[in-house]
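Below: the structure, in structure tokens.
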Amino acid sequence: MSVLVDISHRLGDFAIDARFESAGRLTALFGPSGSGKTTLINMIAGLIRPDKGCIEIDGRVLVDTGAGIFVPRHKRRIGMVFQDARLFPHMSVMSNLRYGRWFTPAAERYADMDSVVELLGIGPLLGRRPAKLSGGEKQRVAIGRALLASPRLLLMDEPLASLDEARKAEILPYIERLRDETKIPIVYVSHSVAEVARLASDVVMLAQGKVTASGPTEAVMQRLDLLPAEERGEGGAVLDTKVLRHDETFGMTVLGSAAGEIRVPRLAMKPGAPVRIRIRARDVMIATEKPTGLSALNILPGTIVAISPGEGATVEIGIDCNGATVLARITEQSRQVLKLRLGGKVFAVVKTVSFDRANTGAGLPLEVDG
Amino acid sequence: MNWLLDLTPDEWNAVRLSIKVATVAMLASLPPGVAIALLLARGQFWGKTLLNGLVHLPLVLPPVVTGYLLLLTFGKRGPAGAFLAEHFGIVFSFRWTGASLACGVMGFPLMVRAIRLSIEAVDRKMEAAAGTLGANPAWVFSTITLPLILPGLIAGAILSFAKAMGEFGATITFVSNIPGETQTLPSAIYTFTQVPGGDEGALRLTLISIVISMAALVASEVLARRVGRRMDIE
């Protein structure tokens, strides 16, 4: 499965000139509002016709302006989940879900009603009208409706942006299940570091209509300098870890990662379950010798592999901890006092309490303690 | 009360004819009404203002003028009238079909206005969403657009029906006032007022007119409310 987009397009004063290719399970188009990500996804869906360029899904050409090819939206078999759900108000939830089925050739229908309803937990809603659903419920039904058309690719345009934190936490696990349990590739538009770090296998970073970086999430998210200004504080290393054990005495969970053991507040997950965590750069301290008499529980030895100027009086330090890179944001003053330089041996210090729901995906209702 | 229900055969004819003429006028105007409303609401083409003006012309012209224009075009020797009579056997002049045509034309601007407003209120994003689910434009129109504009469609149809029930000037100019063929309620009332001792008949038909028009209004109200409830528009 691969998505190839190479287009240029003008919308008044705004120009998009973007090229990317991704074969990930869930590719995030990530950037601040106005960076062109929604325009790009609308082009993939066939809602906007690009001025110039081509779009290919799995080698199937959907758009090639040079050859005069433009496959209309209803022939693309690309599902789309909109930020505002867009359920049909004159139909019940059930009819909304069935809508796309009609138009899918029988031989290509792979989604079945029962498993989609179960996957999204929307069984109790089937007889209702869209107007009687909460924002989170609407969004789940919208995802189900797109899935039941058996699309080749699922596009999600900031599906969580108009929801409050509680509703977001309600939907996120369903999107994770979608990513892990169905075979359908997803392209996901977002401006939130937390969402992207948690969901994406690959990231395409956009700014002012241009692709600034693309690749696997762990690699792209290292580029703190590319993050939108309002999200910079959320930036940090993304690590894939596993639950090793729970420490019931103190209510903590011990995660195993390449960098070593990391203690986080108790997660409701079974030992062995994969957990992706994000260690915010601003939450990481640096020590030149192994600290003692310190309350922080996570002390990871490593080597400095990158030093780059951050915003204002800060510098961003990349520390290689046994293959996993941890990022730290400290002041230039501290760097000089500690005489930090490339290749120096240091310890990255992270407080357990700096991990919360937003960067560990903790407390999800779907996984039960073992 | 007896004198009210004791209608002469001619009076019954007028009542039946009026309902028939108005119903046919309304039903026949619906398809072109929706098409023109769609064109005006969404089309981007040269001459849109002209088309809009043309549609509204019957609203601003004296009805007699509209009737006379119909006579010139759809009369026996008019270009459209001769063509239709020759190729399709449809004759308008001095027939009840002509009365329907006149009524339909007079009610057309009202119908188009109502439908156009409801089309402009449709959230086009819904149609885009249906497109991504695999529906081609014709399906999108029949499963999304049409149900969403149903209240406007009903309102437009009732307006057209009510207008047809009351149409007088264009009808009498185009197809005259022939009892049993083109004499609708207003023409019959007019005839009664022109003869001595016709007051009673005129009053009877006037009351019947009021009852039919009120019934149509109430029916549209009920229908629109039921559609609205079905859609749960809050």
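Take B:Ala129 and decide whether it is in contact with a Phe, Trp or Tyr (Cβ under 7 Å, 6 or more places away or on another chain), surrounded by 18 or more Cβ atoms within 10 Å (Cβ to Cβ) and small (Gly, Ala, Ser). Here the answer is yes, as B:Ala129 does meet what is asked.
So that you can scan it fast, the table gives a plain yes or no per residue for (1) within 14 Å of another protein chain (Cβ to nearest Cβ); (2) surrounded by 17 or more Cβ atoms within 10 Å (Cβ to Cβ):
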{"position": "A:Gly123", "(1), (2)": "no, no"}
{"position": "A:Arg128", "(1), (2)": "yes, no"}
{"position": "A:Lys138", "(1), (2)": "yes, yes"}
{"position": "A:Val141", "(1), (2)": "yes, yes"}
{"position": "A:Ala161", "(1), (2)": "no, no"}
{"position": "A:Thr182", "(1), (2)": "no, yes"}
{"position": "A:Val187", "(1), (2)": "yes, yes"}
{"position": "A:Thr217", "(1), (2)": "no, yes"}
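Checked against (1) in contact (Cβ under 8 Å) with a residue 12 or more places away in the chain; (2) within 14 Å of another protein chain (Cβ to nearest Cβ); (3) part of a helix (DSSP H, G or I), B:Ala128 passes all but condition (1). Taken over the range A:63-98, the criterion of being within 25 Å of the chain's Cα centre (by Cα) and either over 20 Å from A:Met1 (Cα atoms) or more than 10 Å from chain B (Cβ to nearest Cβ) (or both) is satisfied by A:Phe82, A:Gln83, A:Asp84, A:Ala85, A:Arg86, A:Leu87. Against the condition more than 14 Å from chain A (Cβ to nearest Cβ) and out of contact with any helix residue (DSSP H, G or I) (no Cβ under 8 Å at 6 or more places or on another chain), how does B:Gly78 come out, does it pass? So B:Gly78 does not fit the description; no. Residues that are out of contact with any Leu (no Cβ under 7 Å at 6 or more places or on another chain) and within 17 Å of A:Met91 (Cα to Cα) were ranked within the range B:113-125; the one that is nearest to the other protein chains (Cβ to nearest Cβ) is B:Lys125. If you go through the range A:134-156 and pick out every residue that is among the aliphatic types (A, V, I, L, M), in contact (Cβ under 8 Å) with a residue 60 or more places away in the chain and not in a helix (DSSP H, G or I), you end up with 5. Within the range A:44-62, the set of residues being facing chain B (nearest Cβ under 8 Å) and in contact (Cβ under 8 Å) with a residue 60 or more places away in the chain comprises A:Ala45 only. Annotation: of all residues in the range A:297-319 being outside any strand (DSSP E or B) and surrounded by 14 or more Cβ atoms within 10 Å (Cβ to Cβ), the one that is modelled with the lowest pLDDT is A:Gly310. The number of residues in the range A:86-109 being within 16 Å of A:Pro151 (Cβ to Cβ) and in a loop (DSSP other than H, G, I, E, B) comes to 4.
Check B:Leu133, B:Leu148 and return the single one that is facing chain A (nearest Cβ under 10 Å), in contact (Cβ under 8 Å) with a residue 24 or more places away in the chain and more than 18 Å from the chain's Cα centre (by Cα).
B:Leu148
Could you say whether any residue in the range A:178-186 is over 24 Å from A:Val275 (Cα atoms), modelled with pLDDT of 90 or more and in the same structural domain as A:Gly24 (by TED's automatic domain parsing)? Within the range A:178-186 (the criterion being over 24 Å from A:Val275 (Cα atoms), modelled with pLDDT of 90 or more and in the same structural domain as A:Gly24 (by TED's automatic domain parsing)), the answer is no, since none of the residues qualifies. Being modelled with pLDDT under 90 and assigned by TED's automatic domain parsing to the domain that holds A:Asn42 is a property that does not hold for A:Gly144. Consider the range B:33-54 and keep the residues that are of a type in the set (Gly, Ala, Ser) and surrounded by 14 or more Cβ atoms within 10 Å (Cβ to Cβ). The one that is farthest from B:Phe108 (Cα to Cα) is B:Ala41.
The values are calculated or read from the model by the stated rules, or taken from the named source; none is laboratory data. Source: prediction; values computed, not measured. Cβ coordinates were reconstructed from backbone atoms using ideal geometry, including for glycine residues, and neighbour counts include every protein chain displayed.
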